[in-house]
Amino acid sequence: MTGRREKSTSGKASADTSADASAEKSATAPASVAKHAKHAKHAKHAKHAPRAPLKPNLDALDHQLIELLKVNARLPLVNIAKALGCARSTAQLRLKALEDAGVITGYTVSVSSTRGPHVIRAMVLISIESRNEASVVRELARRHEITKLYSVSGRYDLCAMLLTDSTQELDAVIDRIRNVPGVIDTFSTIMLSTKLDRPE
C-alpha cells in the first residue's frame, strides 16, 4: 500500500511537472508569436516605406541633351538624336530618365515683350533693416513692375529687376520702393542693351 502510494505520488508529481511545463510553454508561446509578428510588421513597413529618388550620375550625353533643350524645348527627338549622334530610342530613354529623376522638372515658353521697343529695364539694389526683411519682400512683391527679386550679399540686401514703359515711371516706382517701411537706401542702374541672353 505504501509503495503504491509513493508510486502514485511520483506519478502525480510527474504529471504536475508535465502540466507546469505545458503551462510554461503555453505562456511563452504568445510572447514568441507577438515577437515574430512585430518583426514581420517592421519588415512589412520597411518593404513598403517610400524611398527617396536616386540622383543619377549625368554623363556628357545627358548634359548635351539638357543644353539642347535649354535652347529649344520643342526640338523633335529626331533632331535631338542627330545632334547627339545617337539613336532616337537612346535619346528618348535618356530624356525619360532625366524627367523621372527630377533633373528636368518641366518645360516652358518664351514670349516677346508686349511693352514695345522702348521698354525700360533697370536693376535696383536695396538696403533694408534686417528685422523688416519679410515685410519688405511682401510689399515689393505687390509691385507688378518688379519682375524678379533676389537676396544678395554685400552692402545691399536685395536686388530687384524692374520693367517699366518710361524713365518717369521708373523714377516713380523707385520712389515707392524707398518709401516702403524698412527700406534704408537704394541704388539703381538702367540696362541699355542686351549683349547675351543665355538660358539658365
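Just a few scattered comments:
- Inspection of the range 51-68 finds a residue satisfying the criterion of being out of contact with any Leu (no Cβ under 7 Å at 6 or more places or on another chain), at pLDDT below 85 and among the charged types (D, E, K, R).
- Residues that are over 25 Å from the mean Cα position of the chain (by Cα) and farther than 19 Å from residue 175 by Cβ, drawn from the range 130-156: 130, 131, 154, 155
- Of note, residue 75 does not satisfy the criterion of being in a helix (DSSP H, G or I) and within 30 Å of residue 58 (Cβ to Cβ).
- The condition of being modelled with pLDDT of 95 or more, of a type outside the set (Gly, Ala, Ser) and farther than 26 Å from residue 73 by Cα holds for only one of 165, 171, that being 171.
- Any hit, the range 178-196, residues being under 30 Å from residue 61 (Cβ atoms) and either of a type in the set (S, T, N, Q) or assigned to a loop (DSSP other than H, G, I, E, B) (or both): yes
- The range 123-155: number of residues that are in a loop (DSSP other than H, G, I, E, B) and surrounded by 17 or more Cβ atoms within 10 Å (Cβ to Cβ): 1
- Selection over the range 164-199 of residues that are farther than 29 Å from residue 132 by Cα and touching a helix residue (DSSP H, G or I) at 6+ places or on another chain (Cβ under 6 Å) gives a count of 1.
- Filtered residues of the range 110-128 (kept if under 16 Å from residue 179 (Cβ atoms) and either touching a Leu at 6+ places or on another chain (Cβ under 7 Å) or modelled with pLDDT under 95 (or both)): 124, 126, 128
The values are calculated or read from the model by the stated rules, or taken from the named source; none is laboratory data. These numbers come from a predicted model, not from an experiment. All Cβ positions, even for glycine, are placed from backbone atoms using ideal geometry, and neighbour counts span all protein chains on display.
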